[in-house]
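The values are calculated or read from the model by the stated rules, or taken from the named source; none is laboratory data. Everything quoted here is computed from the prediction, not taken from an experiment. Note that each Cβ is placed from the backbone with ideal geometry, even for glycine, and that neighbours are counted across all protein chains shown. SASA here: full protein model, heavy atoms, side chains in, ligands and nucleic acids out. Shrake-Rupley method; radii C 1.70, N 1.55, O 1.52, S 1.80 Å.
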Amino acid sequence: MLRWALIWLFLFPGILMAAHRLDTGKITIDIRRVKLHEDIDSFQRKILSKDGVYDLEFNLASDPDLNLLITDIYTRRVDDLQNLIERSASADHRIKVKYLTGLLFTVQACYQNLGTTEFPTTLTVILFQAYEQYMQNDWNGVSIEQLVFQYPYEINRILLGDQTVFFENSGLKRARINIFRQFAEKYPNQILPQIGPYLEEQFADSLITQAAYHNPSQFYNYAAAQATPLGKKISVLKEPLVQLIYKIANNNGGRLIFPFLDAIRKNQLSIDSIKKASTNPLEYYRLLVSTHIQHIEAQRSKEELMVDVELMGMIKRKAEEVYINEINALHDEPDEVRFRIVKDLTAEELYYLIVTGEDIIYTSSYTGVYNRLMAKVPKQAGDQLLLMIRFDRFKKFIRMAAGYNKLNAFLSTMPKENAQLLMKSFVRGLEKGFNLEDAVDVADSYSSIQSEDIKKLIRDEVSLSLLDQQKSGYKRGEVIYDILSLLFQSASDSAKILSAKYKIPPVYQLPQQLLSDEKGRVVQLVFFYGDKDGKESFANFMSLFRSSNEWGIKQNSQWVEIASTSPKPVLIYANLPLDNSKGDDPDAKAQKNLLDYLNANALKPSIVIHRGHSYHLKYTLNQLPTSSKIVILGSCGSYQNLNAVLKICPDAHIVSSKEVGTRFVNEPILDLINASVIQGNGIHWIKIWNTLEKQFNSSMIKERFENYIPPHKNLGALFIKAYNTQMN
């Protein structure tokens, strides 16, 4: 019925349009208003052409009936309003200019906002009806105040905003106050920033209270500013939550108290007890963790929590400030000194050190905390640990365990069936949310798992999830599980499979021409750091070149240039590992000056190498050139930084270590790379890796080498590249 009704609607206006156009010829338009009509007509045409087709039809909506209706509105309906204004015998030139200008502003706003979240296409259906009603009220001297309630905020914002032509209407001021109420309902996070002019209105108290419940953290900031008009207003409101937040915000140490807002409201904790605990770092961190675990239980009972995000943020802050920073700083000390600060922490408290500290924790720090965590779990059973923390953030914990080569050890601490259930949960639901973190975690973790039974279980679960996504027709989920399925079918050859299906650049080889600049040079950049290990690493690195007649060496006070003597030009630049003991950070200056030199001489590194501890890696990544085609991260646990590299160089080939980086592996890798590019052969990763596997006979070095992940086996990086290519 709707379609036939619309067909009649459009057949009939078609006849009217013809008659209407004949009538417009009888209207004498003042020359002073012709330009206004031309501008309105111009925007009508622009709107109807917004679909890319320059005709008189609107085709942006998915519903053809809606397209027909909107076409009619932007043709006949707008023309009718122009004629209505022009034909009025009672309106003088000024009045006609006023309302034609308002109509122009309206179609202009449509053109600018149509189809955006602020002005959905469907609102067009009532926009010009609203304009006519506002115009008629204003024309007749009737207040427009109450008309606001007939239309949504998006309509009223266009018609009564800064460009409104209804500025003479007696109801405009109150109408705008009513619009603010609509605005506040639609955008509750903007209540406090925008409520200043409306503090004396009757609705102010209820809106301020609404803001306290909607966003307590934001409310805290405004409540703390007690000398401002809004702060003073908050101070006199009697609503319990408002008064509680105000009291906390104006208390010494309020930021340390605020994360416990939910517990205070439920009379589980008092402000005084929290203040007392905050004077002792251990007691305060312990209170944070125990309260968060209570929050998990509350969420299971469908209780709404107001500040769990703030509570977790404070756990992360204290975990880093009090514990992880100190453990990292003592990396050269014996373990009994280095980990003394965590000796009194419970298993749960150690768990949250790990899952909140992943951004800054060193590899050796992680290993030490993990070992102490498992020692405190009853029977050292991993499933018992996860029950203790109610499976909170368990996917992150598993991913980190895999990244630091602890996953197999962790799974072996529990019964086989429990390990299987855990890994099934790890794989499920990857399509949910808006980021790829969980899916990349699964891809990364797979290559760390040694149990063939667990690997098969993951493959089977991925296949089942892929079928579910295909049945539901959800493209994002289908792509995620299809990529994982291909990765896991044959991890050793996954790059070729993905390259064929998802058209990603091959990651099992790099031809010489892709590594060379326009002058045929292969430029390498190596970052060194000036601690004891860095100086030793630099000396060993230079030994690769000093005894060979294939290389020439030039050195200044800050860096060294190593140039090949072969017909295939290879240039290697490395900063010197300078003494940092005086605290003026000469390494940073040397690296900056070297990068400036490379830029000034149009030398674009295609191979970048990090030689330093994991805690130096962030400085290398901050300076990583976008020209990098190969990135070799020779530090401990560098596998955790794949995303950071790919954000800068989306197609980079990454070599990284899951655990301990060592020069005994780094230098043979670099030696084979240099030998290959000097001969003009480019890089063939499978060939290089096969050579290295034969080369490492020593059990210790072989174990270290097995922790290095080449580009063609780098599942996390492969997943990201394939996903981005497909979804883009």
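Of the conditions (1) exposed (fewer than 13 other Cβ atoms within 10 Å of the Cβ); (2) under 28 Å from residue 85 (Cβ atoms), residue 202 clears all except one; give me its number.
Here residue 202 clears every test but (2).
Exactly one condition in (1) among the polar types (S, T, N, Q); (2) touching a Ser or Thr at 6+ places or on another chain (Cβ under 8 Å); (3) open to solvent by 30 Å² or more (accessible area, probe 1.4 Å) is false for residue 328; which is it?
Looking at each condition in turn, residue 328 falls short on (3).
Looking for whichever is buried (at least 18 other Cβ atoms within 10 Å of the Cβ), in contact (Cβ under 8 Å) with a residue 24 or more places away in the chain and under 24 Å from residue 713 (Cβ atoms) here; the options are 487, 514. Which one fits? Outline the logic, then answer.
Numbers: 514 fails: buried (at least 18 other Cβ atoms within 10 Å of the Cβ).
Exactly one of 487, 514 is buried (at least 18 other Cβ atoms within 10 Å of the Cβ), in contact (Cβ under 8 Å) with a residue 24 or more places away in the chain and under 24 Å from residue 713 (Cβ atoms), namely 487.
Can you list the helices (runs of 4 or more DSSP H) found entirely within the range 123-187 that contain at least 1 residues being open to solvent by 60 Å² or more (accessible area, probe 1.4 Å), under 22 Å from residue 94 (Cβ atoms) and polar (S, T, N, Q)?
On the way: elements: 124-139, 153-160, 172-186.
Those helices (runs of 4 or more DSSP H) span 124-139.
Have a look at 554, 568, 535 and point out the one that is over 29 Å from residue 432 (Cβ atoms) and part of a loop (DSSP other than H, G, I, E, B).
Numbers: 554 fails: part of a loop (DSSP other than H, G, I, E, B); 535 fails: part of a loop (DSSP other than H, G, I, E, B).
Within the list 554, 568, 535, the selection yields 568.
Taking only the range 260-285 into account, find how many residues are open to solvent by 70 Å² or more (accessible area, probe 1.4 Å) and either touching an Asp or Glu at 6+ places or on another chain (Cβ under 7 Å) or not in a loop (DSSP other than H, G, I, E, B) (or both).
If we filter the range 260-285 for residues that are open to solvent by 70 Å² or more (accessible area, probe 1.4 Å), which is where we start, we get 265-268, 272, 275-276, 279, 281, 283.
Within this subset, residues satisfying the condition of being either touching an Asp or Glu at 6+ places or on another chain (Cβ under 7 Å) or not in a loop (DSSP other than H, G, I, E, B) (or both) are 265, 272, 275-276, 281, 283.
Count: 6.
If you take the residues of the range 357-400 that are open to solvent by less than 40 Å² (accessible area, probe 1.4 Å) and among the small types (Gly, Ala, Ser), which of them is farthest from residue 412 (Cα to Cα)?
357
Is it the case, given these coordinates, that residue 438 is modelled with pLDDT under 85, crowded, with 21+ Cβ neighbours inside 10 Å and farther than 21 Å from residue 668 by Cβ?
No, not satisfied.
What are the pairs, 6+ residues apart or on separate chains, where a residue within the range 567-589 that is in contact (Cβ under 8 Å) with a residue 60 or more places away in the chain has its Cβ under 6 Å from a residue that is part of a loop (DSSP other than H, G, I, E, B) and open to solvent by less than 80 Å² (accessible area, probe 1.4 Å)?
Partner pairs satisfying both residue conditions: 568/680.
What pairs come out if I take residues in the range 535-555 that are under 22 Å from residue 581 (Cα atoms) and pair them with residues that are of a type in the set (Phe, Trp, Tyr) whose C-beta lies under 7 Å away, six or more apart or interchain?
Correct list of pairs: 537/528; 538/528.
Can you find a residue that is of a type in the set (A, V, I, L, M), over 30 Å from residue 298 (Cβ atoms) and open to solvent by 70 Å² or more (accessible area, probe 1.4 Å) anywhere in the range 463-476? Even if it seems obvious, please write down each step before you answer.
The first filter runs over the range 463-476 and keeps only residues of a type in the set (A, V, I, L, M), leaving 464, 466-467.
Those still in the list that are over 30 Å from residue 298 (Cβ atoms) too: 464, 466-467.
Now drop any that are not open to solvent by 70 Å² or more (accessible area, probe 1.4 Å), which leaves 464, 467.
Yes, some residue in the range 463-476 is of a type in the set (A, V, I, L, M), over 30 Å from residue 298 (Cβ atoms) and open to solvent by 70 Å² or more (accessible area, probe 1.4 Å).
Residue check: is residue 325 within 28 Å of residue 341 (Cα to Cα), out of contact with any Leu (no Cβ under 8 Å at 6 or more places or on another chain) and not in a helix (DSSP H, G or I)? Before you say what the answer is, go through the steps one by one.
Values: within 28 Å of residue 341 (Cα to Cα): yes; out of contact with any Leu (no Cβ under 8 Å at 6 or more places or on another chain): yes; not in a helix (DSSP H, G or I): no.
No; evaluated as a whole, the condition is false for this residue.
Those residues that are out of contact with any helix residue (DSSP H, G or I) (no Cβ under 8 Å at 6 or more places or on another chain) and buried (at least 17 other Cβ atoms within 10 Å of the Cβ), I need them from the range 229-249; list them, please.
Within the range 229-249, none qualify.
Within the range 582-597, can one find any residue that is over 12 Å from residue 523 (Cα atoms) and in contact with a helix residue (DSSP H, G or I) (Cβ under 6 Å, 6 or more places away or on another chain)?
Checked against the condition, which is being over 12 Å from residue 523 (Cα atoms) and in contact with a helix residue (DSSP H, G or I) (Cβ under 6 Å, 6 or more places away or on another chain), the range 582-597 yields no hits at all.
Identify all residues within the range 198-251 that are hydroxyl-bearing (Ser, Thr, Tyr) and over 25 Å from residue 179 (Cα atoms); write none if there are none. Before the answer, list the steps.
First, the residues of the range 198-251 that are hydroxyl-bearing (Ser, Thr, Tyr): 198, 206, 209, 213, 217, 220, 222, 228, 235, 246.
Residues satisfying the conditions are 217, 220, 235, 246.
Of all residues in the range 205-228, count the ones that are among the small types (Gly, Ala, Ser) and crowded, with 19+ Cβ neighbours inside 10 Å.
Step one: filter the range 205-228 for residues among the small types (Gly, Ala, Ser), giving 206, 211-212, 217, 223-225, 227.
When the remaining residues are screened for being crowded, with 19+ Cβ neighbours inside 10 Å, the result is 211-212, 223-224.
Looking only at that region, the number is 4.
Just for the range 217-245: of the residues that are within 25 Å of residue 283 (Cα to Cα) and of a type outside the set (A, V, I, L, M, F, W, C), which one is farthest from the chain's Cα centre (by Cα)? Break it down into steps so the answer makes sense when it comes.
Step one: list which residues in the range 217-245 are within 25 Å of residue 283 (Cα to Cα), which gives 217, 220, 244-245.
Checking which are of a type outside the set (A, V, I, L, M, F, W, C) leaves us with 217, 220.
Values: 217: 21, 220: 26 Å.
Taking the candidates together, the pick is 220.
Which members of the range 294-306 meet the condition of being touching a helix residue (DSSP H, G or I) at 6+ places or on another chain (Cβ under 8 Å), assigned to a helix (DSSP H, G or I), in contact (Cβ under 8 Å) with a residue 12 or more places away in the chain and open to solvent by 20 Å² or more (accessible area, probe 1.4 Å)? Quick ask: steps written out before the conclusion?
As a first pass, look at the range 294-306 and keep what is touching a helix residue (DSSP H, G or I) at 6+ places or on another chain (Cβ under 8 Å): 294-295, 298-299, 305-306.
From what's left, assigned to a helix (DSSP H, G or I): 294-295, 298-299.
With in contact (Cβ under 8 Å) with a residue 12 or more places away in the chain added as a condition, the list becomes 294-295, 298.
Selection gives 294 alone.
Output the residues belonging to the range 512-532 that are part of a loop (DSSP other than H, G, I, E, B), touching a strand residue (DSSP E or B) at 6+ places or on another chain (Cβ under 9 Å) and closer than 17 Å to residue 571 by Cα.
Selection gives 517, 521.
Provide a single number: the residues in the range 677-725 that are open to solvent by 70 Å² or more (accessible area, probe 1.4 Å) and in contact with a helix residue (DSSP H, G or I) (Cβ under 7 Å, 6 or more places away or on another chain).
So the count comes out to 3.
I need every pair where a residue in the range 255-273 that is closer than 12 Å to residue 284 by Cβ has its Cβ under 6 Å from the Cβ of a residue that is among the hydrophobic types (A, V, I, L, M, F, W, C) and assigned to a loop (DSSP other than H, G, I, E, B), sequence separation at least 6 or different chains.
That search, which allows pairs on different chains as well, returns 259/307; 260/269.
Enumerate the pairs (first residue in the range 398-425 and farther than 18 Å from residue 359 by Cα and among the hydroxyl-bearing types (Ser, Thr, Tyr); second residue anywhere and open to solvent by less than 60 Å² (accessible area, probe 1.4 Å) and not in a helix (DSSP H, G or I)) with beta-carbon separation below 9 Å, excluding pairs fewer than 6 apart on the same chain, so at least 6 apart or on different chains.
412/451; 413/377; 413/381
What single numbered condition from (1) open to solvent by less than 30 Å² (accessible area, probe 1.4 Å); (2) among the hydroxyl-bearing types (Ser, Thr, Tyr); (3) within 30 Å of residue 584 (Cα to Cα) fails to hold for residue 557?
(1)
Would you mention how many residues in the range 519-529 are farther than 27 Å from residue 686 by Cα and surrounded by fewer than 22 Cβ atoms within 10 Å (Cβ to Cβ)? Walk me through how you get there before you give the answer.
Of the residues in the range 519-529, the ones farther than 27 Å from residue 686 by Cα are 519, 528-529.
The next check asks that each one be surrounded by fewer than 22 Cβ atoms within 10 Å (Cβ to Cβ); those that pass are 519.
Qualifying residue count, the range 519-529: 1.
Can you tell me which residue in the range 597-627 is most open to solvent (accessible area, probe 1.4 Å), limited to those that are more than 27 Å from residue 511 (Cβ to Cβ) and assigned to a loop (DSSP other than H, G, I, E, B)? Before the answer, list the steps.
Initial filter on the range 597-627 (more than 27 Å from residue 511 (Cβ to Cβ)): 597, 600, 612-619, 622.
Right, trim to assigned to a loop (DSSP other than H, G, I, E, B) and you get 612-613.
Values: 612: 24, 613: 51 Å².
Selected residue: 613.
Of the conditions (1) without any contact (Cβ under 8 Å) to a residue 24 or more places away in the chain; (2) in a helix (DSSP H, G or I); (3) more than 30 Å from residue 221 (Cα to Cα), residue 333 fails just one. Which one is it?
The number of the failed condition is (2).
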